[in-house]
1. Quick one: check the C-alpha center-to-center distance for the range A:15-83 versus the range B:23-61, whole angstrom.
2. So which trypsin sites (Lys or Arg not before Pro) in the range A:1-57 are both in a DSSP loop and have at most 14 other Cβ atoms within 10 Å of their Cβ?
3. Take every residue in peptide A:24-35, count the Cβ atoms of other chains within 10 Å of its Cβ, and give the average of those counts.
4. Determine the sum of side-chain charges near A:ARG29: Lys and Arg each +1, Asp and Glu each -1, restricted to other residues whose C-beta is under 14 angstrom from that of A:ARG29.
5. Return the carbon/sulfur percentage of the accessible area of the protein assembly as shown, one whole number, probe 1.4 Å, all protein chains in place.
6. Under a point-charge model restricted to the Cβ atoms of Lys and Arg (+1) and Asp and Glu (-1), what is the dipole moment magnitude of the range B:2-82 relative to its Cα centre, in debye to the nearest 20?
7. What's the average, rounded to a whole number, of partner chain beta-carbon atoms within 10 Å of each residue's beta-carbon in B:48-61?
8. Report the calculated FRET efficiency for A:LYS27 and A:ILE60 (r = Cβ-Cβ distance, R0 = 41 Å), to the nearest 0.05.
Protein chains: 2
Amino acid sequence: MEWIIIGIAAALLTTFGFVPQILKMRKTRSVKDVSLITLFQFSAGVVLWALYGMHIGDSIIIAANIVAFITLTIAISLYFHYR
Amino acid sequence: MEWIIIGIAAALLTTFGFVPQILKMRKTRSVKDVSLITLFQFSAGVVLWALYGMHIGDSIIIAANIVAFITLTIAISLYFHYR
């Protein structure tokens with residue numbers, strides 16, 4: 001049972017990993033030091049993870065990566081807004 | 001077979017997702033806009049993913065998250081070096 005909790009905690013921490021970066025962008029209104037390539041690379045990665053999740057029929061992988069993609073879309077939008 | 005390639009591409013893109021951020025830190029020698037919380041949150045997440053991978057006996061999950069942890073350790077070290 002504790003392993004399920006560890007798996008859920010791992011998924012939540014990484015799925016919402018860019019939320020603090022989004023909050024920092026909004027606070028400082030500056031993105032000079034943020035790597036846009038990192039944001040696009042993660043976006044491409046989580047799209048492929050979601051497709052892979054659909055292939056193996058794992059709803060957790062699908063959901064986690066769709067949510068991560070939404071946070072990355074917000075981060076990329078803010079990047080272009082504040083750059 | 002193509003699904004294996006998609007899975008491998010997904011893993012490589014996200015495992016090495018912070019490498020462009022590391023290169024940008026080294027280039028600009030500035031980390032003012034980078035979220036340290038995001039770096040620590042991903043670090044905690046990939047450690048839990050690696051533990052979860054050990055539990056379910058998946059060597060790909062273990063290896064990908066150990067490599068990701070190494071890149072995050074480098075990113076955090078550079079953050080404190082350049083802040």
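1. 14
2. On the way: sites: A:LYS24, A:ARG26, A:LYS27, A:ARG29, A:LYS32; in loops: A:ARG29, A:LYS32.
Loop-located and lightly packed - A:ARG29, A:LYS32.
3. Averaged over the peptide's residues, the number is 5.
4. Around A:ARG29, the charge tally is +4.
5. Its accessible area is 72 percent carbon and sulfur atoms.
6. On the way: 5 positive and 3 negative charges, 104 e Å.
It comes to approximately 500 debye.
7. 3
8. That gives a FRET efficiency of 0.85.
The values are calculated or read from the model by the stated rules, or taken from the named source; none is laboratory data. As the structure is a prediction and not an experimental result, all values here were calculated from the model. All Cβ positions, glycine included, derive from the backbone under ideal geometry; neighbour counts span all protein chains shown. Side chains included, ligands, DNA and RNA excluded: accessible areas come from the protein's heavy atoms. Shrake-Rupley method; radii C 1.70, N 1.55, O 1.52, S 1.80 Å.
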